[in-house]
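The values are calculated or read from the model by the stated rules, or taken from the named source; none is laboratory data. Predicted, not measured: the structure shown is a model, and the values here were computed from it. Cβ placement follows ideal geometry from the backbone for every residue including glycine, while neighbour counts extend to all protein chains displayed.
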């Protein structure tokens with residue numbers, strides 16, 4: 001880090017360059033640096049390009065209007081150098097215009113090695129709030145100047161393990177509606193930074209109590225208005241949904257406890273998030289799904305034979321989430337994931353209800369759900385656990401369900417981790433035998449054949465083809481071929 005800062009200083013002779021914001025905050029907290037945040041007194045774009053050229057690094061514009069730029073470093077102690085023009089005539093004015101007191105700290109970069117002796121603190125509460133681990137808005141105008149700061153307050157609290165001050169929460173409550181002026185993709189990015197933290201639910205609860213959550217997702221308002229007399233929970237549908245999310249987080253944070261024989265595979269599964277959109281993790285998206293898994297219950301509620309039913313709420317809820325997530329600028333993979341889990345979230349309890357799960361039914365379940373089996377397992381268990389304190393299920397019923405689910409998951413990973421089988425059938429053989437064109441249906445046939453081979457039902461190519469022939473009408477109907 002010293003060598004990097006020294007090189008930056010050598011390139012800054014004709015500029016006033018200050019370390020600011022999160023970089024300085026993390027130096028006080030002795031946290032590992034991800035980025036270096038700098039503020040300069042003039043021509044930020046020219047200065048940024050100078051550094052990018054010297055470091056042979058990529059230069060991008062973050063905000064042309066406010067002159068904010070990023071240099072993406074390669075193989076260095078930090079990933080990026082973020083550079084902005086003073087927001088004001090001096091560094092003191094710049095700091096007064098920032099978001100929170102813990103970020104309103106700076107020092108001239110040339111004093112890096114003795115920064116504490118040269119610290120600039122226009123707000124006297126900055127160090128006090130750092131020591132007490134408190135997020136405080138720098139002024140009552142902070143959220144009006146940039147409403148996204150309301151979400152950033154929760155994000156900083158999540159990442160730093162800080163608390164939000166009562167005053168700041170009250171300011172968020174007063175300004176919550178202003179979040180609707182912010183671009184959806186910016187909201188999504190900040191919200192999922194919160195959701196991806198291990199203990200995010202306590203902050204989502206505060207977000208809800210401040211009124212911000214319902215402004216982020218207007219569907220929350222409908223869930224809260226849903227008639228409470230039709231739901232087991234005293235707080236109605238929203239309480240059930242929130243407790244499902246809470247249970248999901250608890251399970252995800254304690255995989256070894258809930259899945260003692262499969263937890264390593266589960267951990268690896270939930271750490272893989274590379275195919276989702278920016279800032280969206282599998283863990284965060286599963287919690288998000290848990291919060292909205294029953295979103296269509298109000299529209300599908302029917303009273304019959306003295307009991308409330310919600311027929312079709314899974315399919316209807318999946319479609320609603322597609323519309324909600326499209327408008328919020330989620331990625332295609334994000335949307336497909338959430339829709340699939342909501343659509344099938346009643347399948348697992350239906351499969352394990354009698355605690356007698358046949359191999360045939362299990363394999364069909366695996367084929368239908370695919371690689372989202374662990375996600376659906378956690379979602380379904382979370383759904384059940386939200387009723388735990390209400391005693392809707394007896395403790396005996398829950399234990400039997402848990403046992404069935406653990407056995408199912410163990411079998412899933414046995415199949416998934418098994419050595420490749422001898423190649424006695426492939427897609428070309430199937431297409432030639434039954435005069436089929438290439439398409440996703442070939443994969444379905446292969447899965448059926450491979451699973452039958454593993455279970456000892458077939459042992460050669462001819463037996464596999466006979467099995468495929470039996471499944472041919474059903475798969476042709478499924479794909480309309």
Inspect all residues belonging to the range 72-85 and state whether any of them is farther than 30 Å from residue 172 by Cα, out of contact with any strand residue (DSSP E or B) (no Cβ under 7 Å at 6 or more places or on another chain) and touching a residue at least 60 places away in the same chain (Cβ under 8 Å).
yes
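Which one is farthest from residue 15 (Cα to Cα) among residues in the range 67-89 that are part of a loop (DSSP other than H, G, I, E, B) and out of contact with any helix residue (DSSP H, G or I) (no Cβ under 7 Å at 6 or more places or on another chain)?
Taking the range 67-89 as the starting set, the residues that turn out to be part of a loop (DSSP other than H, G, I, E, B) are 67, 73-79, 86-89.
Filter again for out of contact with any helix residue (DSSP H, G or I) (no Cβ under 7 Å at 6 or more places or on another chain), leaving 74-75, 78-79, 89.
Details: 74: 24, 75: 26, 78: 22, 79: 23, 89: 14 Å.
If we take residues in the range 67-89 being part of a loop (DSSP other than H, G, I, E, B) and out of contact with any helix residue (DSSP H, G or I) (no Cβ under 7 Å at 6 or more places or on another chain), then 75 is farthest from residue 15 (Cα to Cα).
Is one or more of the residues making up the range 92-104 assigned to a strand (DSSP E or B), farther than 30 Å from residue 161 by Cα, under 29 Å from the mean Cα position of the chain (by Cα) and at pLDDT 95 or above?
Filtering the range 92-104 down to residues assigned to a strand (DSSP E or B) leaves 100.
Still in the list and also farther than 30 Å from residue 161 by Cα: none.
No - not one qualifying residue is present in the range 92-104.
Could we say that residue 155 is within 32 Å of the chain's Cα centre (by Cα), touching a residue at least 24 places away in the same chain (Cβ under 8 Å), within 25 Å of residue 186 (Cβ to Cβ) and not in a helix (DSSP H, G or I) here? Can you show your working first?
Numbers: within 32 Å of the chain's Cα centre (by Cα): yes; touching a residue at least 24 places away in the same chain (Cβ under 8 Å): yes; within 25 Å of residue 186 (Cβ to Cβ): yes; not in a helix (DSSP H, G or I): no.
Criteria not met by residue 155.
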Within the range 412-430, take every residue that is surrounded by 16 or more Cβ atoms within 10 Å (Cβ to Cβ) and at pLDDT 90 or above and give me the one that is nearest to residue 475 (Cα to Cα).
430
Can you find a residue that is touching a helix residue (DSSP H, G or I) at 6+ places or on another chain (Cβ under 6 Å) and under 21 Å from residue 96 (Cα atoms) anywhere in the range 45-66?
no
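Quick one: which residue in 109, 85, 62 is over 26 Å from residue 165 (Cα atoms) and over 34 Å from the mean Cα position of the chain (by Cα)? I'd like the intermediate steps shown before the answer.
Values: 85 fails: over 34 Å from the mean Cα position of the chain (by Cα); 62 fails: over 34 Å from the mean Cα position of the chain (by Cα).
Just a single option satisfies the conditions, and that option is 109.
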Checking residue 10 against (1) surrounded by 14 or more Cβ atoms within 10 Å (Cβ to Cβ); (2) modelled with pLDDT of 95 or more, the condition it does not meet
(1)
Of the numbered conditions (1) assigned to a helix (DSSP H, G or I); (2) out of contact with any helix residue (DSSP H, G or I) (no Cβ under 8 Å at 6 or more places or on another chain); (3) more than 17 Å from residue 367 (Cα to Cα), residue 477 satisfies every one except a single condition; which is it?
(3)
So which residues in the range 291-323 are touching a residue at least 40 places away in the same chain (Cβ under 8 Å) and buried (at least 17 other Cβ atoms within 10 Å of the Cβ)?
291, 292, 293, 294, 295, 297, 298, 301, 320
Answer yes if at least one residue in the range 343-357 is within 16 Å of the chain's Cα centre (by Cα), crowded, with 16+ Cβ neighbours inside 10 Å and modelled with pLDDT of 95 or more, and no otherwise.
no
Among the residues of the range 448-470, what is the count of those that are surrounded by fewer than 17 Cβ atoms within 10 Å (Cβ to Cβ) and not in a loop (DSSP other than H, G, I, E, B)?
7
Members of the range 24-50 that are touching a strand residue (DSSP E or B) at 6+ places or on another chain (Cβ under 7 Å) and either surrounded by 21 or more Cβ atoms within 10 Å (Cβ to Cβ) or assigned to a loop (DSSP other than H, G, I, E, B) (or both):
24, 36, 37, 38, 39, 40, 47, 48
The residue from 423, 360, 399, 410 that alone is out of contact with any helix residue (DSSP H, G or I) (no Cβ under 9 Å at 6 or more places or on another chain), part of a loop (DSSP other than H, G, I, E, B) and over 22 Å from residue 296 (Cα atoms) is 423
